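*Asks:* For reference, the structure I am asking about is given below.
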Amino acid sequence: MANPETQRQPHRSKARPSSSKARPSTSKSRPSTSKAKPPVQARVPLRLLLRVASVAGGIQFGWALQLSLLTPYVQQLGIPHAWASIIWLCGPLSGLLVQPLVGHMSDRCTSRFGRRRPFILVGAVAIVISVLLIGHAADIGWWFGDTENHRQYAVAVFVFGFWILDVANNVTQGPCRALLGDLTGKDHRRTRVANAYFSLFMAIGNILGYASGSYSGWYKVFSFTLTPACNISCANLKSAFFLDIGFIALTTYISIVAAHEVPLGSSGAHSAGESGSAEEAFLWELFGTFRYFSKSIWTILSVTALTWIGWFPFLLFDTDWMGREIYGGEPNQGPNYDTGVRMGALGLLLNSVVLGITSVLMERLCRKRGAGFVWGISNILMAVCFIAMLVVTYVANKIGYVGKDLPPSGIVMAALTIFTILGFPLAITYSVPYALISTHIQSLGLGQGLSMGVLNLAIVIPQVTAQVREKGCTTSEA
């Protein structure tokens, strides 16, 4: 009896070290299990994604004012219509260079405030400065000696502010989308939801921006904006920009406070998103990575490029088309043009309502039918709507009221209907390609910031093509 007991004691004493050795092995195995489970167990809360994406509303508020009012404002400053598209070239050119560079820098940023948030904040401050310059361009030119017929200083200030605005939009928007990609990681469904939220806030910003642009009484609310150098339409634009400044300050604060980024140098940075590893391509090596793209990535980039060849002329000249082709007006020549521009802003507001509704339903549509199928249907609908715009223009010219009277209500309703329907494909364009490229490009070792820059190349190159083509067409017409 004693012998078995004495044998048990050593056995237990030996068993304890072995169990103590076994425990570290289980503790080692647990982290490996916990690393495999975070995409399922530790999904980022939807409320957090919603708050981070809110900055898109502030960005898009100013962008909506830019799209609806700045082309008419450019021509009121005395810049010929043929040169308007050249001024708008700064957007794609800055996007071609700035967004990939900012994306690359944000992927490698080691700031204690995180990788993306410093760029979002700097971009928001630059947007505020730029809209102040654009809104006060006529006043600044007046101080430097401009007259009513010669506004060279106002034009110079406007172009300078306009370039800053486009650069700032790229500095802010790219890191914000990349931050959403960092938060969702490899959870494809959450990535689609995050981009749908981003699209939703773009719709909210559009609605507020186009509503502000379609209201003609802001100069009464901000009476100090009406000056000898700045007429009523200029004062309305200036007042709307003041509203934009308040809105972008609010949304930027909500976004950067909501996102608790882990600095790149800390231990948790790699699990939060993709860090800037040594394998990541530098900006000048970006084009060399194209040869490693899979067929699906090339398909996404090609379809995106072809889509934006159609979208950009519409987004650039939509309100101008309404003022010229539907209402038969010319800038600074009677009220028809301004009435048409305000009606175009109303159409874009309706467009944004549909965009917002589509963004809410985006995940359900993609889950039921597939993201690629939804994207394809939206592009077909976009093409049909653009053809319908040509038909409406032809009918308006055929009726013969252009230049003589206001358009019939049927023509106006047809134009507004086209603007409204285009909200559906625009929502898909703002969301699905970004989600697809984010999930397909991870295997190349590119960070989320640079992956947004890759997709941006497929957007800005067609924009340059469309603007050069527009410049050629308007010059030949002149």
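Where a number appears in this text, it was derived from the coordinates with a stated rule and is not lab data. The structure presented is a predicted model; accordingly, all values stated were derived computationally and were not measured. With ideal geometry, Cβ positions are generated from the backbone for all residues, glycine too; neighbour counts draw on all protein chains shown.
*Asks:* Please turn the phi angles of segment 165-178 into ³J(HN,Hα) values with the Karplus equation 6.51 cos²θ - 1.76 cosθ + 1.60 (θ = phi - 60°), one per residue in order, whole Hz, x for glycine and proline.
*Replies:* In residue order, the calculated couplings are 4, 5, 5, 5, 4, 5, 5, 7, 5, x, x, 5, 5, 5 Hz.
*Asks:* Taking a temperature of 10 °C and a viscosity of 1.306 mPa s, what whole-number D in µm²/s does Stokes-Einstein yield for segment 191-244 with Rh from Kirkwood over alpha carbon pairs? Mind showing how you got there, number by number?
*Replies:* Values: Rh = 12.4 Å.
Here the translational diffusion coefficient equals 129 µm²/s.
*Asks:* Measuring from a point 7 Å past the Cα of Y394 along Cα-to-C-beta, which residues in segment 310-350 have an amide N at less than 16 Å?
*Replies:* The answer is none, because no backbone nitrogen lies closer than 16 Å to the label point.
*Asks:* From the cross-link list K186/K368; K220/K398; K238/K404, which pairs have alpha carbons spaced over 28 Å apart?
*Replies:* On the way: K186/K368 20 Å; K220/K398 39 Å; K238/K404 31 Å.
With Cα atoms farther than 28 Å apart: K220/K398; K238/K404.
*Asks:* What is the distance in Å between the Cα centres of segment 338-371 and segment 93-115?
*Replies:* 30
*Asks:* Using a/c under 1.5 as the rounded threshold, could you call segment 361-402 rounded, prolate or oblate? The axes a ≥ b ≥ c are square roots of the C-alpha gyration tensor eigenvalues, and prolate needs a/b larger than b/c, oblate otherwise. Write out the running numbers ahead of the final one.
*Replies:* Values: a/c = 7.76, a/b = 4.05, b/c = 1.92.
Judged from the Cα gyration tensor, segment 361-402 comes out prolate (a/c at least 1.5, a/b above b/c).
*Asks:* Going by average Cβ density within 10 Å per residue, which order do the peptides 219-228, 176-185, 160-169, 427-436 take, highest to lowest? It would help to have the intermediate numbers written out before the result.
*Replies:* On the way: 219-228: 14.1, 176-185: 27.0, 160-169: 21.2, 427-436: 25.5.
Order by mean packing, descending: 176-185, 427-436, 160-169, 219-228.
*Asks:* Pulled fully out, how much extra length does the chain show between L46 and F293, if you take 0.36 nm times their separation in residues and subtract their Cα-Cα distance? Numbers along the way, then the final one.
*Replies:* Details: separation 247, 0.36 × 247 = 88.92 nm, distance 3.12 nm.
Computed gain between L46 and F293 is 85.8 nm.
*Asks:* Applying 1/(1 + (r/R0)^6) with R0 = 51 Å to the Cβ-Cβ distance of I129 and K368, what FRET efficiency is obtained, to the nearest 0.05?
*Replies:* Numbers: r = 45 Å, r/R0 = 0.87.
Working from the Cβ atoms, E equals 0.70.
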